[in-house]
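To keep things clear, I will list the structure first and then write my remarks on it.
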Amino acid sequence: MIGFTPALPNRRVPRFHLTKPTPVVLQLQDGGRTTAELQIISRAGGLLTVCETLPNGSHLEFEIQTHLGTVRGAAEMLVPVTFSQQPFRFVSLSEDDQRRLEKAFEAGVYRNIDEEEWIEELRAAAQNWEAQRPRSVSVSIVLGLLMLGAICIAVYGLHTHLFLR
């Protein structure tokens, strides 16, 4: 079993909105079982639609049914976002299950491709905007400093002219 940590801690892990219902079976610590439906998944975790939310921090085993077969692993439940939606993070996943999940991502069967392309275009535009931004900020700073200098010289000249007469 391997644990999950984001590859780049400052960068958000891509999320995939599922286009068709994906059942999930949850095996609770007390031995009970419940079902849920997967709405969003990423390489770090996902978002479930649940009948009843589970305590924040509870650990459980899960089974996700994909078109490539069942993916099993361990997860930690996070703070619910609504009364029926609760995020989770993967705690461990076998190498075979991780490969199966990766292939399911790559297949595109469960993904909203249009939304992902729109998000990628938005990210690219934001990066281009950020790349251009420092240049315009530095020009503004230089102009502002020049104006401040001109004002200081004018005030000093006026001060010496009025008070040194």
TODO: For Y110, state whether it is modelled with pLDDT of 75 or more and of a type in the set (F, W, Y).
DONE: no
Task: Unmet requirement for K103, which otherwise passes all of (1) basic (K, R); (2) at pLDDT below 75; (3) surrounded by 10 or more Cβ atoms within 10 Å (Cβ to Cβ) - done: (2)
Open item on the list: Yes or no: segment 70-84 includes at least one residue that is in a strand (DSSP E or B) and loosely packed, with under 13 Cβ neighbours inside 10 Å.
Closed with: yes
Open item on the list: Given the criteria more than 16 Å from T70 (Cα to Cα) and at pLDDT 90 or above, does T19 qualify?
Closed with: no
Open item on the list: For segment 3-12, check the following and say yes or no: at least one residue is at pLDDT 80 or above and either within 22 Å of A107 (Cβ to Cβ) or part of a strand (DSSP E or B) (or both).
Closed with: no
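Scanning segment 50-69 for residues that are part of a strand (DSSP E or B) and touching a Ser or Thr at 6+ places or on another chain (Cβ under 8 Å), which turns out surrounded by the most Cβ atoms within 10 Å (Cβ to Cβ)? First the steps, then the outcome.
Keep residues of segment 50-69 that are part of a strand (DSSP E or B), which gives 50, 59-66, 69.
Filter once more, keeping what is touching a Ser or Thr at 6+ places or on another chain (Cβ under 8 Å): 50, 63-66.
Working: V50: 21, E63: 16, I64: 23, Q65: 14, T66: 19.
Among those residues, the one meeting the criterion is I64.
The values are calculated or read from the model by the stated rules, or taken from the named source; none is laboratory data. What you see is a predicted model, and the numbers here were worked out from it, not measured in a lab. In this analysis, Cβ positions are derived from the backbone assuming ideal geometry, glycine residues included, and neighbour counts consider all displayed protein chains.
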